[in-house]
Amino acid sequence: MPSLFFLSPAKRSRQRDVWAVVAIGLALVVYGAISEDLGLVNTLGTVFMYVVLTQAWNILGGYGGYLNFGMVTYFGVGAYTTALFYQYFQVSPFLTTPLAGVAAAIFGILIGIPTLRLRGAYFAVVTMIITFAVQIAVLAFPFTQGAMGVYLSPLSLDPRAVEQLFYFVFFGLAVVTTILVYGIEHSNFGWALVAIREDEDAAEIIGVRTTEIKWIANALAAFLTGIAGGIYAERVLYIEPTSTFALDISLNVVLMAVIGGAASWKGPLIGAPLVLLVAQFLRVTITSEANRAIFSVIVILIALYVPAGVIGMIEEIRRRRALRRAKLAALAGSE
Amino acid sequence: MLNSLLYTLFEGSLLGMVYAIAALGLSLTMGIMGIVNVAHSAFIMLGSFFALELLERLGIDPIFSFFVALPAFFIFGALAYRVIVTRVERASQTQGLVALFGLMVLIESLSTMAWTTNTRVITAPYTNSHVVIAGITLASVNIIASALALLLLGAFWWFMRYTLTGRAIRAMGQDRTAARTLGIDVGKLSMLMFGLGIASAGAAGVAIGMVFPFAPQTQIEWLAWAFLIVILGGMGKVENTLIAGLFVGLLQTFATSILPFDYVYLLLYVGLAIVLVVRREGLIGAARRTI
């Protein structure tokens, strides 16, 4: 009867997690407002951006078990949308960002319709292939200016204000995305996705509209990623096909989600900072290829031994501790 | 006019055979073991560097390296199977995909550390020579590479069709449990199959290195090509892989002769999307949806 003992500690630890995340969030708000260390503020801005991407990936990849190896496609589409609006109509990327999300979502639907009828592995590889196709298209089409790329004008603010602006914009996005994913995790939609991951045929039989749910999850992920991409364009001020559609971004997202723990709203909150901050630290001592190699070994080990990632490991430890405590309590009661 | 048409036809077929061996191992491991080996192209890239190193350090001809690569990469593959695949075979597909994805990133980053990101070419004695057949000039490397490819495809086809082991492997592909009941050692055969898949990837890498320039980070494009062929041809059959490879090769050369180079890739990828919509699991292979 172990489940009886777990019920309340599990609920309590869930609440504790939410409060811990809220506390860290508040601390980050204060830090962003007062910090003088622009380097760290910049890095944290990137961390928040990756939290958005990884959470977005998590919706279909973590809960649904459909791994997207080409998140950068949506990201790049978003970035090019705002950049081109600026290029041709001089509209600030901050205003056109919702359009970037919509453009990426339309793209997500176009990609999703053929690929999400297939089972997981096809989707994984096809999403990767589509990144190349889009990159080639952007290079070839005249209105995207090919390899020349698109320039945006810098904001007329002092450097600290600029760093703080992007820090808070990405922070806000990360908060919204995390709340959304938390909501999904505890909704029928999220459970339907989990059912798809566990056994798609069975899910279909019990009445889960599997294909439609996958389409929606993918479009939602594309929308969120597109928004992050749209703001990214204004942050880097210059985008061109090779670096904007870099496969590295897609790979990083998968690494972060898997290491942090997919299928939990907490996973990306651990994975993104862990990978980026450790990478930042390692880059000082060894080259970036080496830290990529280290992370890939970690990913292999996680896939083999702890599929639920760091967060899964923490939860496993908690569960064992709760079990031990329950046993002790039962012993004390019987004596 | 006729000459250029013939040239395109020959060139396309030659390239197609090379494409076919790039996809061979992927098709077999997917069709028979149900494992999507995303690290496949990383082994192809290793094969190209294997030939390059043998040529530059020991002066060994790539044709010879092609045959040396088979046992060498078989060992790699069997090792990867033992260390990684056995542990995720019975887990969810997602888990296996993540593990092999990690392997791909690992091989790529280690290769980048060893060989940098510079684009390399293999310069064998016959690299820049040409052969004139029926008034058409063809690069001799293309002919050599495609002959080697055809030989390998033939060997795999014969092995899968006529040897007892090959039949056992096909039986395992049809129904793993039934095969086990009949006394087939599925564990051992899976290792053999995975090893053979990687062996063919290594050999394909040698052939590809003879024809195309390569670098560690471009390996992923070969995954795209191999996957394209697997989707077109369906999984698990050597002859279908050859047909799909030839189709892609011909499509590419014909498209190149009328379109700018960039659009050829776009055309292929759009074609892929259409195939996915029309036929869920390939043009030749039958749809294998369980319900």
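Of the conditions (1) assigned to a loop (DSSP other than H, G, I, E, B); (2) within 14 Å of another protein chain (Cβ to nearest Cβ), A:A257 clears all except one; give me its number.
So the condition that A:A257 fails would be (1).
For B:G234, only one of the following conditions fails: (1) open to solvent by 40 Å² or more (accessible area, probe 1.4 Å); (2) at positive phi. What is its number?
(1)
Check off (1) within 14 Å of chain A (Cβ to nearest Cβ); (2) surrounded by 18 or more Cβ atoms within 10 Å (Cβ to Cβ); (3) of a type in the set (V, I, T) for B:V270 and give me the number that stays unchecked.
All conditions pass for B:V270, except number (2).
If A:P93 satisfies all but one of (1) open to solvent by less than 10 Å² (accessible area, probe 1.4 Å); (2) within 29 Å of A:V134 (Cα to Cα); (3) under 21 Å from the mean Cα position of the chain (by Cα); (4) modelled with pLDDT under 90, what's the number of the condition it fails?
All conditions pass for A:P93, except number (3).
Just to check your reading of the model, which residue among B:V105, B:V98, B:V85 is within 29 Å of A:N291 (Cβ to Cβ), among the aliphatic types (A, V, I, L, M) and in contact with a Lys or Arg (Cβ under 7 Å, 6 or more places away or on another chain)?
Going through B:V105, B:V98, B:V85 in turn, the sole match is B:V105.
Does B:A145 qualify as being within 24 Å of B:I243 (Cα to Cα) and in contact (Cβ under 8 Å) with a residue 60 or more places away in the chain?
Yes: the conditions hold for B:A145.
For the range A:125-159: of the residues being more than 10 Å from chain B (Cβ to nearest Cβ) and of a type in the set (S, T, N, Q), which is surrounded by the most Cβ atoms within 10 Å (Cβ to Cβ)?
Looking only at the range A:125-159, we keep the residues that are more than 10 Å from chain B (Cβ to nearest Cβ), and these are A:127, A:138, A:142-145, A:147-159.
This time we only want the ones that are of a type in the set (S, T, N, Q), so: A:127, A:144-145, A:153, A:156.
Numbers: A:T127: 24, A:T144: 20, A:Q145: 19, A:S153: 10, A:S156: 7.
Ranking the qualifying residues of the range A:125-159, first place goes to A:T127.
Give just the number: which of (1) in contact (Cβ under 8 Å) with a residue 60 or more places away in the chain; (2) surrounded by 23 or more Cβ atoms within 10 Å (Cβ to Cβ) does A:T242 not satisfy?
Unmet for A:T242, out of (1) in contact (Cβ under 8 Å) with a residue 60 or more places away in the chain; (2) surrounded by 23 or more Cβ atoms within 10 Å (Cβ to Cβ): (2).
Here's a check for you: in the range B:81-110, which residue that is crowded, with 23+ Cβ neighbours inside 10 Å and not aliphatic (A, V, I, L, M) is farthest from the other protein chains (Cβ to nearest Cβ)?
Top of the filtered list is B:Y81.
Just wondering, is there one or more residues in the range B:98-121 that are within 30 Å of B:L5 (Cα to Cα) and at pLDDT below 90?
Yes, because at least one residue in the range B:98-121 is within 30 Å of B:L5 (Cα to Cα) and at pLDDT below 90.
Could you please find all residues in the range B:54-69 being part of a helix (DSSP H, G or I) and open to solvent by 40 Å² or more (accessible area, probe 1.4 Å)?
Narrowing the range B:54-69 to residues part of a helix (DSSP H, G or I): B:54-58, B:62-69.
Answer for the range B:54-69, where residues must be part of a helix (DSSP H, G or I) and open to solvent by 40 Å² or more (accessible area, probe 1.4 Å): B:E56, B:R57, B:L58, B:I63, B:F64, B:F67, B:V68.
What is the residue count in the range B:166-208 for residues that are among the β-branched types (V, I, T), without any contact (Cβ under 8 Å) to a residue 60 or more places away in the chain and crowded, with 16+ Cβ neighbours inside 10 Å?
The number of residues fulfilling the criteria is 2.
Among (1) assigned to a helix (DSSP H, G or I); (2) open to solvent by 10 Å² or more (accessible area, probe 1.4 Å), there is one condition B:G47 misses while meeting the rest; what is its number?
(2)
Filter the range B:32-42 down to residues that are part of a helix (DSSP H, G or I) and open to solvent by 10 Å² or more (accessible area, probe 1.4 Å) and give me whichever is nearest to the other protein chains (Cβ to nearest Cβ).
Let us first name the residues in the range B:32-42 that are part of a helix (DSSP H, G or I), namely B:32-33, B:40-42.
With the extra rule that they be open to solvent by 10 Å² or more (accessible area, probe 1.4 Å), the set shrinks to B:32-33.
Details: B:I32: 14, B:M33: 12 Å.
Filtering the range B:32-42 for residues that are part of a helix (DSSP H, G or I) and open to solvent by 10 Å² or more (accessible area, probe 1.4 Å), the one nearest to the other protein chains (Cβ to nearest Cβ) comes out as B:M33.
The values are calculated or read from the model by the stated rules, or taken from the named source; none is laboratory data. Small disclaimer: the values here were computed from a predicted structure and weren't measured. When we count neighbours, we look across all protein chains shown, and the Cβ atoms used for this are built from the backbone with ideal geometry, even at glycine. The area values use the complete protein model at the heavy-atom level, side chains included, leaving out ligands, DNA and RNA. Shrake-Rupley method; radii C 1.70, N 1.55, O 1.52, S 1.80 Å.
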